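Throughout, read-outs are computed from the coordinates displayed, never taken from laboratory work. If you're wondering where the values come from, they're calculated on a predicted model, not measured in any experiment. Cβ coordinates were reconstructed from backbone atoms using ideal geometry, including for glycine residues, and neighbour counts include every protein chain displayed.
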Amino acid sequence: MKRIPAEGIEGVAHLREAASTELKQILDLVRAALRDWYDARKKPDETYVDFDFEAMYPERAIVCKDGRYWQFPYVLDDKNQVTLGAPSEVIEEFKPVAMREAADMESLREASDPQGNAWDVVVVRAGKSGNGNYYPDAVLREAAPMFDGINVYAKSNVEHLKGGEPDVNQLFGWLSEARFVEGAAADAGHIAARLDVAAGAQGLRDTIAGAWRLGKKNLVGLSIDVRAKTARSTARLREGVKRVAAGIIKVNSVDLIVNPSAGGALVRLVESAEREEHSEMALKEKMQARIKAKFPLLDVEALNDDQLEARYAEALAPEKETPAAGEEPVTRDELRMIEARANARVKISGSPLPAAAKEKLHKAFDLRERFVEADVDTAITEERAYLARFTESGRVQMAGLDVEVRDRSQTIADMLDAFFDPKHKEHGKIHSFKECYAEITGDRSVTGRIENMDRSRLAESLGAAFRESLETTSLANVLGDSIARRMIADYRDMGQWDVWRNACERVPLNDFRTNERTRFGGYGDLPVVAQGAAYVALASPTDEKATYAPAKRGGTEDLTRELIKNDDVGAIRRIPIQLSRSAKRTLCKFVMDFVRTNPTLYDSVAFFHATHANLGSAALDATTLAAARLRMKKQAELNSAARISIGPKFLWVPDDLEEAAVNLFNKNTNLDKTFVQALSLAVMPVPYWTDANDWSISADPMDIPGIEIGFVDGAEEPALFVQDMPNVGSMFSNDKLTYKIRHEYGGQVKEYRGWDKSVVA
């Protein structure tokens with residue numbers, strides 16, 4: 001029989017191919033021996049033991065069972081009898097290699113900033129990459145924090161593949177908020193982050209943002225440059241996977257690759273993969289040659305990657321010398337410390353600390369005689385905390401050190417946002433407002449007195465805007481900012497009190513003066529002009545003039561010292577919600593009261609009146625709705641009497657009529673639409689209307705702007721302010737912080753023809 005080649009047969013596909021050759025008999029004999037071995041050890045309730053035959057070598061076979069790999073030594077005698085040895089689990093060790101990966105073409109997703117100064121990005125996805133590497137979820141989940149604070153450089157493909165030290169002139173921005181996002185299946189997650197663009201990269205920023213707005217979303221992509229521990233997986237060989245990432249040691253950079261070619265390819269992954277593979281093969285051949293020179297009887301072709309590295313290290317080592325008298329051999333503890341120092345250098349190098357701080361820690365641990373891994377973690381944490389104290393300008397500048405750090409006030413703002421906003425990613429971790437207060441002020445007893453507060457902490461927490469006024473409105477302002485952000489976020493969430501938006505036209509106002517809205521009548525049909533005849537003068541239409549002045553609406557809410565000291569989390573969190581809902585409810589009632597109260601208009605006639613031909617008295621049903629629609633369609637221009645012929649879009653009802661209104665548009669049993677069902681009006685329930693019978697219809701405000709609402713300075717959202725000044729020496733006035741909400745707007749009906757109402761007795 002033909003012998004199994006020294007390099008072995010790896011992978012199911014290759015084994016299947018080999019089974020069609022002269023090797024079939026050997027493969028069948030070994031597979032049968034493995035089957036007998038497993039059958040002899042199956043459990044009483046098992047009828048069949050499943051395993052995968054993964055690889056075959058001259059002296060051993062590899063199988064996979066229940067996700068674990070086992071190595072069976074075997075001997076094939078002259079009588080073609082296979083004798084299996086005791087199995088041992090295959091444990092792979094890892095070696096660090098450079099891995100540069102490109103994200104998919106949609107790695108950039110536009111954030112809230114339309115100028116392109118901030119982006120949400122996908123840094124790297126789990127699973128198989130374009131160059132044959134495989135990233136498990138667990139590896140990316142652990143590595144996600146390492147990408148926080150990493151710089152992003154704009155490079156050419158060639159520069160990216162070469163690696164090396166980046167050029168400051170290539171700096172495009174930096175990553176923050178790096179986190180792992182779970183996928184829908186195993187190994188389907190990704191590392192996401194926020195990409196902030198540096199001020200000096202505006203040209204490229206504008207190019208990317210412009211391309212994005214035009215739909216060219218694959219213009220650029222991100223590519224990681226990391227040092228990683230990898231392993232080979234026999235099970236994934238058939239999937240085209242060359243190596244599996246077992247852990248990321250260090251993140252060198254994340255590079256922005258610009259590829260304007262027509263194919264839409266982000267980077268040419270095949271080229272980079274081949275280049276790296278060829279390099280590795282050349283290195284492997286050199287290693288084999290050196291080993292063979294040192295150990296001529298060793299079969300170097302049979303060595304796996306880990307064995308190859310170990311033997312190569314032996315081949316490079318000098319000949320051992322007998323220790324001189326008095327010399328002691330290296331102890332196990334000393335070897336452990338050598339390894340610990342090496343691991344410490346890897347961990348420190350992979351930390352987000354600046355270069356000068358890393359060098360400081362490297363020297364410190366090189367000199368320490370004894371330490372454990374936890375000591376390294378503690379030192380990195382303490383160094384980051386120390387640097388974070390230098391936040392006066394957001395930049396640390398010392399001899400040999402120039403580091404940009406995050407202002408503590410930003411961290412405090414995030415903490416307060418997390419407390420108030422249930423949608424914040426850290427909301428579940430911030431349970432105590434009392435702790436938030438203590439973190440800001442250092443006043444853990446909640447005395448409210450300036451003398452009991454940590455002034456440096458307070459100054460850093462409140463930010464540069466309050467450095468000169470720590471004894472005035474500082475605390476109130478910083479808390480008010482977070483309350484205001486939560487209030488506005490809730491205000492923007494559409495709910496039942498936002499139905500008014502479909503009832504009116506919204507415009508900005510410059511001041512509080514009375515505003516005039518003039519609507520001119522029509523000219524009617526143009527007369528025919530005979531050949532050579534003069535054009536006749538048209539009758540100038542009259543006008544209808546509506547006026548209104550905006551008003552200021554608002555109130556106050558208190559955040560008391562007692563609430564903070566008692567840590568009444570529920571009450572504090574309700575403050576921005578209560579303010580938002582109050583503002584929304586007030587505005588909704590203001591708009592919809594024009595319909596409910598039927599005010600007198602500019603022509604001294606009620607909004608809904610027989611004179612306006614927009615008033616009915618019948619209860620809501622298909623017939624009366626069709627009649628109301630027809631009345632609206634028959635409305636005529638002022639002066640000309642020409643029909644406007646614009647129908648309704650919205651049906652306005654109290655909550656009591658919502659069900660009946662919706663049922664009007666349901667199809668009958670034959671699925672045939674009636675005339676009213678074909679209208680498909682949008683049903684708008686008004687939550688505060690108490691009359692259970694009255695209803696109304698309206699046209700689209702874009703077609704007929706019936707009601708106009710004007711907001712001072714265009715501010716449709718309410719504003720929050722500190723009401724008063726705290727007492728001297730205290731952060732509170734009368735043991736409370738008082739906030740003032742203000743909402744400024746006005747409105748009027750300027751065209752009755754776009755509305756029709758039925759007042760039912």
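Brief remarks follow.
- Leu29, Leu367, Leu587 arranged by Cβ crowding within 10 Å, fewest neighbours leading: Leu367, Leu29, Leu587
- Amide proton proximity set for Ile150, modelled H, under 5 Å, gap of 5+: Leu175
- Were the residues from Asp45 through Asp567 laid out at 0.36 nm apart, the gain over their Cα-Cα distance would be 182.0 nm.
- Potential extension, Arg370-Arg581 segment - 0.36 nm per residue separation minus Cα distance: 69.9 nm
- If the segment from Met702 to Asn343 were pulled out straight at 0.36 nm per residue, it would be longer than the present Cα-Cα gap by 122.5 nm.
- Under 5 Å, built H, 5+ apart or other chain: amide partners of Ala198: Gly173, Trp174
- 3J(HN,Hα) couplings calculated from phi for the stretch 738-750 with the Karplus curve 6.51 cos²θ - 1.76 cosθ + 1.60 (θ = phi - 60°) are, in sequence order, 10, 10, 10, 9, 9, 9, 10, 6, x, x, 6, 7, 10 Hz; Gly and Pro show x.
- Ala356-Glu59 FRET efficiency (beta carbon distance; Förster radius 45 Å; 0.05 resolution): 0.25
- From phi via Karplus (6.51, -1.76, 1.60), per-residue ³J(HN,Hα) for the stretch 23-39 in Hz, x at Gly/Pro: 7, 4, 4, 5, 4, 5, 5, 5, 4, 5, 5, 5, 4, 4, 5, 5, 5
- Cα gyration tensor category, rounded, prolate or oblate, for the stretch 34-86 with a/c compared to 1.5: oblate
- In the stretch 510-655, a dipole from Cβ-located charges (positive for Lys and Arg, negative for Asp and Glu) runs towards its positive end, and of Thr547, Thr624, Ala641 it is Thr624 whose Cα lies farthest in that direction.
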